[in-house]
């Protein structure tokens, strides 16, 4: 990494520089800058960057990577002045944000930064961003993106499939199923596979963060507390990347009421996610709330997890009765029995048949009991594919993912 002395006039001109309160807080950015630019970059503080823009060497700059976190709130005005000064000199600005609230991010992006990346940086994200910065501007600016298609702002053109996961009772394995299904879909292809987003909408007891060993970040609390200012960039900044494959919106760090957001907010979140990803998996809370209907209407499939016990049977009956009485799309439900009896368990198979007949439902997915390795994988914060690839539960979810992948690909080809 270049020292600040490398930005002085007597040194060789640099192509880019990072600007931050302390670049050591963004160690992954340092590694990526070195990989992309070698010795042709340096780092500056906010005040030093303003002074450097007035020096002759600033004419060689391609871009500035301004890295900010939640402690830079008092410097918003200075950062905005820096963005404006850089753009006036013809220097492009890449904004890199970590744990920044949607209001602050929205304000900074309003100053006209050329690009945006969330931190930690996904693999290859800086390289792709630099390539976009180096592309010449089009002779005629493109038409403004359709904000109805992308929620509040945004310019992505995907139209992702929404898969909801709802557990009929605690401990039936809904979150385990959602996490592993998301991972299996993401790894179906080594290259150019579907972009997968996993949303944990259980704001009180959601455990996706635990099962993937991710931090619960305050930016999620801020996003949910002020959803009116959320746009594509602030939404993406709240996501974390697991295994360089799936993007995850964890449950908030604090327990929040489930009605902190309304149906319109959930509609906007799903639109933003669908515009940026090919598959959006929604891990639902067990409680039914005002926006449950919103998710059901948006989802192509809703997997309903249950077990072979009386509580699941009773809750399934009540759930179906509610959906039918409210004229909700109950035909999108796909019942999945976790810890299903094996084919040799004749008594269990008989109970399964009787339960399906009494509820007048078809249990389309029977998930075998993965036993202790499943609990160990969850405790270690890893998908089953990484810790117990031959586990029967993992194999069944992988088969389902393969089937879904084929359907999604076929639907994409037809239009």
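The table for this structure:
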read-out: Residues satisfying the stated conditions in the stretch 316-333, i.e. free of Cβ contacts under 8 Å to residues at least 24 places away in the same chain and either over 28 Å from the mean Cα position of the chain (by Cα) or surrounded by 16 or more Cβ atoms within 10 Å (Cβ to Cβ) (or both); value: 318, 321, 324, 325, 327, 330
read-out: Members of the stretch 208-225 found to be in contact with a helix residue (DSSP H, G or I) (Cβ under 6 Å, 6 or more places away or on another chain) and either within 21 Å of residue 275 (Cα to Cα) or part of a strand (DSSP E or B) (or both), listed by number; value: 223, 224
read-out: Residue tally, condition assigned to a loop (DSSP other than H, G, I, E, B) and over 19 Å from residue 272 (Cα atoms), over the stretch 185-202; value: 7
read-out: Of all residues making up the stretch 100-113, the number that are assigned to a loop (DSSP other than H, G, I, E, B) and either within 19 Å of the chain's Cα centre (by Cα) or at positive phi (or both); value: 3
read-out: Unique residue being modelled with pLDDT of 90 or more, within 21 Å of residue 103 (Cβ to Cβ) and outside any helix (DSSP H, G or I) when the list is 252, 285; value: 252
read-out: Number of the condition not met by residue 124 [criteria: (1) closer than 18 Å to residue 235 by Cα; (2) modelled with pLDDT under 80]; value: (1)
read-out: Sole exception among (1) closer than 27 Å to residue 334 by Cα; (2) in contact (Cβ under 8 Å) with a residue 12 or more places away in the chain for residue 238, by number; value: (1)
read-out: Subset of the stretch 266-295 (residues that are in contact with a helix residue (DSSP H, G or I) (Cβ under 7 Å, 6 or more places away or on another chain), surrounded by 19 or more Cβ atoms within 10 Å (Cβ to Cβ) and more than 18 Å from residue 159 (Cβ to Cβ)); value: 283, 284, 285, 289, 291
read-out: Exclusive hit being at pLDDT 80 or above, in a strand (DSSP E or B) and under 23 Å from residue 273 (Cα atoms), set 129, 97; value: 97
read-out: Checking residue 176 against (1) within 26 Å of residue 289 (Cβ to Cβ); (2) surrounded by 24 or more Cβ atoms within 10 Å (Cβ to Cβ); (3) touching a strand residue (DSSP E or B) at 6+ places or on another chain (Cβ under 8 Å), the condition it does not meet; value: (3)
read-out: Criterion (outside the structural domain of residue 237 (by TED's automatic domain parsing), under 30 Å from residue 218 (Cα atoms) and surrounded by fewer than 17 Cβ atoms within 10 Å (Cβ to Cβ)) met by exactly one of 97, 67, 60, 75; value: 75
read-out: Among residues of the stretch 45-64, those that are over 32 Å from the mean Cα position of the chain (by Cα) and not in a helix (DSSP H, G or I), counted; value: 4
read-out: Which numbered condition residue 137 misses (of (1) part of a loop (DSSP other than H, G, I, E, B); (2) at pLDDT below 75; (3) under 23 Å from the mean Cα position of the chain (by Cα)); value: (3)
read-out: Any hit, the stretch 224-232, residues being in contact with a strand residue (DSSP E or B) (Cβ under 7 Å, 6 or more places away or on another chain), at pLDDT below 90 and surrounded by 20 or more Cβ atoms within 10 Å (Cβ to Cβ); value: no
read-out: The stretch 292-303 residues that are within 19 Å of residue 408 (Cα to Cα), paired with ones that are part of a loop (DSSP other than H, G, I, E, B) (beta carbon under 6 Å, 6 or more apart); value: 296/328; 296/329
read-out: Of all residues making up the stretch 182-202, the number that are modelled with pLDDT of 95 or more and out of contact with any strand residue (DSSP E or B) (no Cβ under 7 Å at 6 or more places or on another chain); value: 1
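Conditions tested, residue by residue: (1) within 17 Å of residue 281 (Cβ to Cβ); (2) touching a helix residue (DSSP H, G or I) at 6+ places or on another chain (Cβ under 9 Å); (3) buried (at least 20 other Cβ atoms within 10 Å of the Cβ).
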{"site": "373", "(1), (2), (3)": "no, yes, no"}
{"site": "386", "(1), (2), (3)": "no, yes, no"}
{"site": "402", "(1), (2), (3)": "yes, yes, no"}
{"site": "407", "(1), (2), (3)": "yes, no, no"}
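The values are calculated or read from the model by the stated rules, or taken from the named source; none is laboratory data. Being a predicted model, the structure only gives us computed values, none of them experimental. A quick note on method: Cβ atoms are made from the backbone with ideal geometry, for glycine too, and the neighbour counts reach across all protein chains shown.
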